[in-house]
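Comments concern the structure below.
Just so it is clear, none of the values below were taken in a lab; they were calculated from the coordinates. Being a predicted model, the structure only gives us computed values, none of them experimental. All Cβ positions, glycine included, derive from the backbone under ideal geometry; neighbour counts span all protein chains shown.
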Amino acid sequence: MRLDKLLANMGVGSRKEVKRLIKKKHVTVNGDVVKDPSVHVNPDEDCIKVDETIIHYQKYVYLMMNKPPGYISSTWDRWERTVIDLLEPKYKHFEPFPVGRLDKDTEGLLLLTNDGKLAHELLSPKKGVSKTYYAKVEGKVTEKDVEAFAKGVVLDDGYKTKPGKLDIISSDTISEIELTISEGKFHQVKRMFQAVQKQVIYLQRIRMGELLLDSTLPPGSYRELTEKEEKYCQSLR
Ligand code: URA
């Protein structure tokens, strides 16, 4: 990998700034000053320093975000704020993207990574990684709904969902529920309730596979995955 690319990827500066640092002899590779930004280095073997700071190369980044409402789950949009806008520059330069989509008004667990293979595995219908949502629903959610979801319900486009596990937390004029599903059709949770003539008024994802939303993360904040969480993700690759 080119030295200037590695340093830019690690957030040392823009490609232009990094080139200037190299030309001004601030960068060493295995103790030798390098003045050519295009020189190739091996991030696993070479010791790269900017002045006295060792630059540790990291290829992938894995972030758990508590998505706030009002942001869309994409990397760029002409009009809307995106979840990427919430990231500090030190993470943005990895060019992470959200793994799967949450609606603009949906909150909760969103994984952001630049690891395309992992994203693919987490979303692959073959892997069937389950996701759990907490929702507030208008009207009384009943045992009949639990049974209907367990069998699978027919959505507005005629698609019959796989079985979902519906747990009723409370049932009143507004009900609170948790729903676990193993697929990710567009607006799936909202449409599953529509199929039983009910409306979701608040939706939050609280789990994806073994990844649980960290309850200490306020909406709009994020953190890197712990070693254990990252190991779980690697086990899916
Ligand atoms: N189901 C929905 O309806 N919306 C989401 O954001 C996620 C799942």
**Item:** Cα-derived Rg over Rh, computed across the chain with Rh taken as Kirkwood radius
**Value:** 1.11
**Asked** Counting other Cβ atoms within 10 Å of each Cβ, which trypsin sites (Lys or Arg not before Pro) in the stretch 171-226 have at most 14 and sit in a DSSP loop?
**Response** Lys185
**Message:** Springs between alpha-carbon pairs under 10 angstrom, Gaussian network model over the chain: which of Lys92, Lys25, Lys165 fluctuates most?
**Reply:** Lys25
**Fill in**
For the stretch 10-17, Karplus-derived ³J(HN,Hα) couplings (6.51, -1.76, 1.60; θ = phi - 60°; whole Hz; x for glycine and proline) come out as 8, x, 5, x, 5, 4, 5, 5
**Fill in**
The FRET efficiency for Lys117 and Ser38, from their Cβ-Cβ distance with R0 = 35 Å and rounded to 0.05, is 0.75
**Fill in**
note: the stretch 32-143, Cα-Cα separations exceeding 22 Å make up a percent value of 52
**Request:** With springs connecting C-alpha atoms under 10 Å apart, model the chain as a Gaussian network and identify which of Leu112, Leu21, Leu86 has the largest mean-square fluctuation.
**Result:** Leu21
**Fill in**
Taking Cα atoms only, helix 227-236 is inclined relative to the longest principal axis of the chain by an angle, in degrees rounded to 10, of 70
**Request:** Compute the longest continuous run of the chain that contains no exposed GluC sites (Glu not before Pro); treat a site as exposed when its DSSP state is not H, G, I, E or B and it has at most 10 other Cβ atoms within 10 Å.
**Result:** 53-237
**Prompt:** Where the only charges are on Cβ atoms (+1 Lys, Arg; -1 Asp, Glu), what is the dipole of the chain about its Cα centre, to the nearest 20 debye?
**Reply:** 700
**Prompt:** To two decimal places, what compactness ratio does the stretch 81-185 give when its Cα radius of gyration is scaled by 2.2 N^0.38 Å?
**Reply:** 1.29
**Asked** For the chain, modelled as a Gaussian network with Cα springs under 10 Å, which listed residue fluctuates most, Ile181, Ile169, Ile54?
**Response** Ile54
**Message:** Charges on Cβ only, +1 for Lys and Arg, -1 for Asp and Glu, centred on the Cα centroid of the stretch 21-153; of Ala148, Tyr71, Pro98, which one is farthest towards the dipole's positive end?
**Reply:** Ala148
**Request:** Specify which residue in the list His40, Val200, Tyr222 is farthest towards the positive end of the charge dipole of the chain, using unit charges on the beta carbon of Lys, Arg (+1) and Asp, Glu (-1), about the Cα centre.
**Result:** His40
**Prompt:** Percent of alpha carbon pairs in the stretch 46-106 separated by more than 17 Å?
**Reply:** 49
**Prompt:** So for the pair Ile169, Gln194, with labels modelled 7 Å out along Cα→Cβ, what separation do we get in nm?
**Reply:** 2.4
**Request:** Summarise the long-distance tail of P(r) for the stretch 108-151 by giving the % of C-alpha pairs beyond 12 Å.
**Result:** 75
**Request:** Could you work out how far the C-alpha centroid of the stretch 172-215 sits from that of the stretch 39-67, in angstrom?
**Result:** 38
**Item:** DSSP bridge pairs, the chain: antiparallel proportion in percent, nearest 5
**Value:** 90
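Provide, as a two-decimal number, the C-alpha radius of gyration of the stretch 161-237 over 2.2 N^0.38 Å, N being how many residues it has.
1.31
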**Item:** Computed magnitude of the charge dipole of the stretch 101-175 (debye, nearest 20; Cβ of K, R +1, Cβ of D, E -1)
**Value:** 400
**Complete:** the chain: relative contact order from alpha carbon pairs under 8 Å, six or more residues apart, as a whole percent, is 19
